[in-house]
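Since the structure comes first, as structure tokens, the remarks are kept for the end.
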Amino acid sequence: MSTISRRSFLGSSSLALGGALLGARSHGAAPRPPNVVFLLGDDLRPDGLASLGNPVVTSPNIDSVVERGYCFRRAYTMGSMVGAVCLPSRTMLLTGRSLFHAENEASGVDPASYTFPKVMKDAGYATLHAGKFGNSPKNITTEFDETVDPGQAADVAGHVVDFIRRRASEAPLFIYMAGREPHDPQYAPDTFYAQYNPAEIPLPASFAPFHSFDNGEMTVRDEMTLPFPRTPEALRAKLARYYASITYWDSEFGRVLQALRDAGQYENTVFIIAGDNGLSLGEHGLLGKQNLYEFGGMHVPLVFAGPSIPRGETNALVYLMDVFPTVCDLADVSNPSQVDGSSLASVLRGRSRGVREWLYTAYGEVQRAVTDGRWKLIRYPLIDKTQLFDLRHDPHEATDLAALPKHVKRVRSMLEKLGELQRQNDDPVPLSVASPRPADWSPELLTPEQLQYQVEETKRSGG
Ligand SMILES: [Ca+2]
């Protein structure tokens, strides 16, 4: 198990860091800004690494970074209005803008926009995007010096290693590695699949054969990658593939770490390890990222490591859109005013415990959630349903408390807070509709066309 999970909240120890958090020097007296290597997993869950507490997966290379870094345990992507949660997530990451503002960035070229790659390039960084085309807006990926979509992890790592060898001596590096793993079909060479025996893989705590009500997105593509009802056997096989893909991705990342060492740049590199969105893997009977549970669509891993970044972890509520302004602070690059995210540098420096008291997430017109860290409310407007969970005592969201009389006031005040956050974020979706539809759902409600589609998706994803 991890060492990081045993660490307590970072206290005053980091106060001693004083002034600039970073500022390592190389080549004599000339200060060289830190390199920034951003490793983004595609559908990497917040428990998707050994160092993040997963007892099954093997990820020694990424762990070696995570274990000397600072972990944000409660990091989220704000949400999505479409099934492809990846796209708005990466747009928010690369613009620092919130969901309903970032959408506009995705729709076309905005010459006045200050994107993450543009700001780093203007600050003198050599910039590389190596990863999936199509998951990030083209007008943003083309703002990197070099942008490639070479395919699987081995090819992505090959490009990154080559970039380090060519460019490290001339400028600080900004490398955005955003490849395909561990997204389904959870690709890995056979030697990695062979490392995981499905029969030995534990099921998630809140495993269920199917979701007990219609959350508005029951038959979206990701949910169709295993048959209903989910069986322990099918789920274990999928989990084995997921972990194998992570282990493969990790082994290739090891080559990148070695290239940084060979270039004499490892010690002067800020690493960011994150996922673009979470993923349900059997929790509540779900398989996709189109839901707002903690082991679901929006909760992601987020770790910073590097020069003068302390070891530690926090439960501060943060978004992926906070990464861009944070890196600006860490690299001493001026922070563009258009960003909606908040720099987390003060948290990393131990000067504050967080940057927001409430955090909200959104999915389509069908789900909204709000949390203060302990209490979590999920609202399903189209079926007029509200869930309330006490995450402190029920981290797997097994017991819905919304109907209990003693929580009536809490539900009401959290719904008001949710509406307030929607207004702040220009979210137009109503929390109630005039004619709610029935909430009941079971696999018997699948149409013949949906059943056929499911067969095809199951084959395609290797599930
Ligand atoms: Ca994704």
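Every read-out reported here was derived from the displayed coordinates using simple, explicitly stated rules and does not represent laboratory data. None of the values given here were measured: they were computed from a predicted structure. Neighbour counts are summed over all protein chains in view; Cβ atoms, including those assigned to glycine, are modelled from backbone coordinates with ideal geometry.
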Separation of alpha-carbon centers, segment 60-88 and segment 331-356, rounded to whole Å: 17
Straight-distance crosslink candidates among lysines, where the alpha carbon sits under 27 Å from Lys385 and sequence neighbours closer than 8 are dropped: Lys289, Lys376, Lys406, Lys409, Lys417
Those lysines that a straight Cα-Cα span of less than 20 Å connects to Lys121, excepting residues fewer than 8 apart in one chain: Lys138
With an 8 Å cut-off on Cα pairs and a minimum separation of 6 or more residues, tell me the relative contact order of segment 32-357 in percent. 32
Going residue by residue through segment 154-160, the Karplus relation 6.51 cos²θ - 1.76 cosθ + 1.60 with θ = phi - 60° gives ³J(HN,Hα) values, rounded to whole Hz and with x marking Gly or Pro, of 4, 6, 4, 4, x, 5, 5
Please list 142-150, 42-50, 154-162 highest first by mean number of surrounding beta-carbon atoms within 10 Å per residue. 42-50, 154-162, 142-150
Compactness of segment 196-317 - radius of gyration and Dmax, Cα, Å: 18.0, 55
Using the Cα atoms of segment 285-328 to build a convex hull, what is its mean projected area in square nanometres? 4.3
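Could you tell me the calculated FRET efficiency between Arg410 and Gln450, based on Cβ-Cβ distance and R0 = 56 angstrom, to the nearest 0.05?
Computed FRET efficiency for Arg410 and Gln450 comes out at 0.90.
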Which three lengths, in whole Å and largest first, does segment 353-427 cover when its Cα atoms are put on their principal axes? 36, 31, 22
Give the peptides 199-209, 263-273, 285-295 in descending order of average Cβ contacts within 10 Å, highest first. 285-295, 263-273, 199-209
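Sort Met298, Met414, Met81 by Cβ crowding within 10 Å, fewest neighbours at the top.
If I rank by nearby Cβ atoms, fewest first, I get Met81, Met414, Met298.
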Under the 7 Å Cα-to-Cβ spin-label approximation, Phe210 and Thr458 lie apart by a distance in nanometres of 1.3
Ordering of 123-131, 442-450 by burial proxy (mean other Cβ atoms within 10 Å per residue, highest first): 123-131, 442-450
What is the sum of charges around Leu391, taking Lys and Arg as +1, Asp and Glu as -1, for the other residues whose C-beta is under 13 Å from the C-beta of Leu391? -1
Phi-derived 3J(HN,Hα) across segment 274-279 with the Karplus relation (6.51, -1.76, 1.60, θ = phi - 60°), rounded Hz, x for Gly and Pro, is 8, x, 6, 7, x, 6
Once phi for every residue in segment 181-188 is put through the Karplus expression 6.51 cos²θ - 1.76 cosθ + 1.60 (θ = phi - 60°), the whole-Hz ³J(HN,Hα) values, with Gly and Pro written as x, are 8, x, 4, 5, x, 6, 5, 6
Rg/Rh for the chain, where both radii come from Cα atoms and Rh is the Kirkwood radius: 0.96
Divide by every residue of the chain the summed helix terms, -39500 (n - 2.57) for each DSSP H run of at least 4, and state the resulting mean residue ellipticity at 222 nm, rounded to the nearest 500 deg cm²/dmol. -8500 deg cm²/dmol
Once both labels are modelled 7 Å past Cα along the beta-carbon direction, what's the Phe133-Asp332 spacing in nm? 3.8
